[in-house]
Amino acid sequence: MEEKQPVPILEMKKITKQFPGVLANEDVDLELFKGEVLALLGENGAGKSTLMNILSGLTRPDSGEIILNGKAVDIDSPRDAMHLGIGMVHQNFKLVSTMTVAENVILGLDSENFVLDMKKVGKKINEISDHYRLKVDPDAYIWQMSVGEQQRVEILKLIYRGAEVLILDEPTAVLTPQESNELNEIVKKMTKEGKSAIFITHKMDEVMNFSDWVRVLQKGKLVSVVRTRDTNPKDLANLMVGREVLFRIEKKKCNPGEVRLEVKNVSALNSKGIEALKDVSFSIRAGEILGIAGVAGNGQRELTETITGLHKVLKGHIFVEGEDMTNKAPIDLIKAGVSHIPSDRVAMGIVGDMSVASNLAMKEYRKAPLTQYGLLHPKRIFNLAKGMIELFMISTPSPNTNVKFLSGGNIQKTILAREIGACRGLLIAVYPARGLDVGATESVRKEIIAERDNGKAVLLVSEDLEELISVSDRIAVMSEGTIMGIVDTETADIESLGLMMAGVSLKESGAKGG
Amino acid sequence: MIVLITSILAITLRAGTSLVYATIGEIYTERSGILNLGLEGMMLMGAVTSFATVYYTGSLALAVLAAMFVGMILSSIHAFLSITMRANQVVSGLSITLFGTGFASFLGQRLGPAENGKYLIGLIGEKFTPIAIPGLSGVPLIGAFFNQDLLTYITYLIIPIAWFYMYKTKNGLNLRAVGDNPQTADAMGIDVLKTRYLYTILGGMLVALGGAHLSLAYAPGWTENITGGRGWIVIALVIFSMWNPSRAIWGALLFGGINAVQFRLQASGTDIPASFLNMLPYLATIIALVVMTWIEKYNKKIGAPGALATSYMRGEK
Ligand SMILES: Nc1ncnc2c1ncn2[C@@H]1O[C@H](COP(=O)(O)OP(=O)(O)O)[C@@H](O)[C@H]1O
Ligand SMILES: [Mg+2]
């Protein structure tokens, strides 16, 4: 007897979606089977989020068909998707930060009573929390939570609403390794209970560990469908990018020059008035990359912002090329040649409603040749931008496109191009590859190393230990606002770095100092 | 002395009534993310239509309905321009005020009877008169609350209802989400545009009702600029209330109180120049705004709806 072919619970057929200037999806097919996880891969801008937004009712496809449980369905709004049992965790969290967890969970639900019974909601949330070991306080406000906790609320929302098809758009991009594991376990448990999931991620180990199928998108087209057990990370990466990807970056030996940045006994408070930096000291030389390792929220943000003039130093001093720049304004630091790739690239790195060209000129526009007789020279700005777009391979319909329309990877490349272009001595890069696909990550890392080879001093903040080890020359580990130790990358091992990140000092961790 | 205070309190409540209606109306509108600066125009239009209606029909109920109908029309225009056409809300609101102010004045010179030169000014019509509640109205101080007109009594109910609806019901939760974060509200299945239409129009009806109280109860009749800039004061009161309906009462009492004191002083023939006294409510507005902004800086939780005065379209980056 012939084995019966399983029927997918969800099918998308020949989905096409055109945005102004970009064909985001072209004849894309997708199949999802009950109780399975489908990993959706592709570079930034490949059209993954667009495809998923079509499923969740946020985007209307130009053509194509969606079949759920054997029936063609029309998904015209998120409300329709919800009624069909489709739930999505969006790449940008969909949470109202001034509201509590419980309020966010029941938002827009018809099934709640007219007069809300928040006790009942809280109880149900606690039951779900216990069942999935998903620790959340129903009465906590979203604005008080870390991104990891917020991500849990997003998952909780899906469960509370009884979604059968779960869509997770890069849910682990902003999570620590522990948080990612926790999330993966929850999704595993849910699929065991018969739910099905589509999972978008750039992390190959996640794809390999817990997906059943992989579909790869490239520039809006489906290029490959494979069973996870029949493939490997290297093949997948090559499929995504369409060329060979280097997992290890070649790097010349470090050749440090004079001290460019010296941070001396710096202390600072965070926005809540709690001491976030405690007596931090280190220095970076020209031609050297100092990596800062640590779980996000341990003072990295305050550290980089004090150096760039965005955050007040309470005690201590910051010297840039020997000059005391403590508590100077950002413009003074820009003039001193300090460049900054901020952690929140959309909020702090660009002006979304301005063109790519204007964003690229944002550091140099004050001076000739971009300004002449006090007037901007649009033609020169345009030409400068065109050069940078080519050099950094920024994919944009034109230099005049508003930068917010670019994909995350290309927004990051825009910032990188501007900051590297304007950098004269010191480059501060904060989570520069966060959320980027393998191809973009590779080029960002290469650019940073090239800057160091050009004699710049680089401060690189990252949560990704492998990134720190492959890119930096020395690694400082931060925990709760203090530097636990600084080690030479050549002698560093992941285990002792991990211990220091957890608050064990250098001596106890057994690593060799640098 | 107690008698004097009781009477000042009574005037305060009367003067505050139109402010309460308009403040709650605008709070609901702004909570949905729509800023309607057309208040002054809508209040004037509410005042003139309700007075004209009561003059010809003698029906206070019809007069109130007429005002609310006009508020509905004007706020629908604002809703259409700012929600569907996605026009700049400040510009649209200001146009409503400019139009409303001019048109109300025009109507005041055209709707009157021929024997009054078609003017509404100087005419007398039915009005809401204070209804003393037996037993309670005689009590010192407290009595001030129980010797008011029907529209003022209704505010005693509207304030708690407006608060309860906003903070304790499903619809109130959805409303707050729409004004704070329409992207999220949409993704959670709330119809953002419908919600905004609904509360912009509801808000406009309440604002116009506030205007009606002026011409039907507080200063019965029609005079040019009967609002005396109350529409603008309400915009400050909304901020003063931190977009919370239950706090609308304090702002209204404060400004109603200043009105009442000013009224009393003027009646007692004080030496303080009248123009200085007239300035007091506006001066208090500025001071209140400064103080509230200062407080807000130290308490980051409360504040304006996150998406106030921005338009929303699904899928727009
Ligand atoms: N609302 C939109 N308007 C215009 N262009 C868009 C919009 N959303 C996405 N795009 C474009 O469509 C392409 C695919 O984007 P997206 O689906 O977000 O990619 P991915 O999630 O794979 O990184 C990108 O070029 C992006 O800039
Ligand atoms: Mg995406």
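For this structure, a couple of remarks:
- Within a straight-line Cα-Cα reach of under 17 Å, A:LYS379 can be paired with the following lysines, leaving aside sequence neighbours fewer than 8 residues apart in one chain: A:LYS363, A:LYS367.
- Set of lysines with alpha-carbon distance to B:LYS127 below 27 Å, sequence-local pairs under 8 removed: B:LYS118
- Above-threshold pairs, the threshold being 23 Å between Cα atoms, out of A:LYS123/B:LYS168; A:LYS192/A:LYS221; A:LYS124/B:LYS170; A:LYS14/A:LYS404; B:LYS168/B:LYS194; A:LYS252/A:LYS328: A:LYS192/A:LYS221; A:LYS14/A:LYS404; A:LYS252/A:LYS328
- Spatial separation of Cα centroids for the stretch A:325-340 and the stretch B:111-127, in angstrom: 70 Å
- Descending principal axes extents, chain A, alpha-carbon based, whole Å: 76, 53, 52
- Principal axis dimensions, the stretch A:161-299 - Cα atoms, whole angstrom, descending: 56, 41, 24
- Two-decimal ratio, the stretch A:10-241, of alpha-carbon radius of gyration to 2.2 N^0.38 Å: 1.00
- Applying 1/(1 + (r/R0)^6) with R0 = 41 Å to the Cβ-Cβ distance of B:ILE286 and B:MET1 gives a FRET efficiency near 0.85.
- Across q = 0.16, 0.19 Å⁻¹, the stretch B:161-259 modelled as identical point scatterers on its alpha-carbon atoms has Debye log10 I(q)/I(0) values of -0.81, -1.02, in the order of the q list.
- Of the residues B:ALA162, B:ALA208, B:ASN225, the one whose Cα sits farthest towards the positive end of the charge dipole of the stretch B:91-226 is B:ALA162 (charges of +1 on Lys and Arg Cβ, -1 on Asp and Glu Cβ, taken about the Cα centre).
- For q = 0.21, 0.22 Å⁻¹, Debye-computed log10 I/I(0) when each Cα of the stretch B:59-199 counts as one equal scatterer: -1.24, -1.28
- Put in line by how crowded their Cβ is, counting other Cβ atoms within 10 Å and starting with the fewest, A:GLU364, A:GLU419 read A:GLU364, A:GLU419.
- A Förster radius of 30 Å, combined with the Cβ-Cβ distance separating A:LYS312 from A:ALA450, puts the computed FRET efficiency at roughly 0.35.
- If you take the Cα centroid of the stretch A:429-492 and the Cα centroid of the stretch B:40-98, the two points sit 61 Å apart.
- For the stretch A:18-129, the C-alpha radius of gyration divided by 2.2 N^0.38 Å, with N the number of residues, is 1.28.
- Relative frequency of Cα-Cα separations exceeding 23 Å in the stretch A:126-234, percent: 32 percent
- Rg over Rh [alpha-carbon atoms, Kirkwood Rh] for the stretch B:123-163: 1.09
- For the stretch A:177-239, the fraction of alpha-carbon pairs in successive 10 Å shells from zero, as %: 19, 51, 28, 3
- P(r), alpha carbons of the stretch B:2-298 - 10 Å bins starting at zero, rounded %: 7, 27, 35, 23, 8, 1, 0
- 29 Å Cα-Cα reach of A:LYS253 towards lysines, excluding residues that sit fewer than 8 places from it in its own chain: A:LYS203, A:LYS234, A:LYS264, A:LYS413, A:LYS446, A:LYS456, A:LYS507, A:LYS512
- Legend: calculated FRET efficiency, A:MET348 to B:THR169, from the Cβ-Cβ distance at R0 = 35 Å, rounded to 0.05, equals 0.40.
- J(HN,Hα) series, the stretch A:180-194, from Karplus relation 6.51 cos²θ - 1.76 cosθ + 1.60, nearest Hz, glycine and proline x: 5, 4, 4, 5, 4, 4, 5, 5, 4, 4, 5, 6, 4, 7, x
- For the stretch B:197-317, size of Cβ-based charge dipole, Lys and Arg +1, Asp and Glu -1, in debye: 500 debye
- P(r) of the stretch A:262-394 over all Cα-Cα pairs, binned every 5 Å from zero, in whole percent: 2, 9, 16, 18, 17, 14, 11, 8, 4, 1
- Local electrostatic count at A:GLU206 - Lys and Arg +1, Asp and Glu -1, tallied over other residues with Cβ under 12 Å: -1
No value in this document is a laboratory result; all are computed from the given coordinates. Only a predicted model underlies this, so the values are computations on that prediction, with no experimental measurement involved. So basically every Cβ, Gly included, is an ideal-geometry build from the backbone, and we count neighbours across all protein chains shown.
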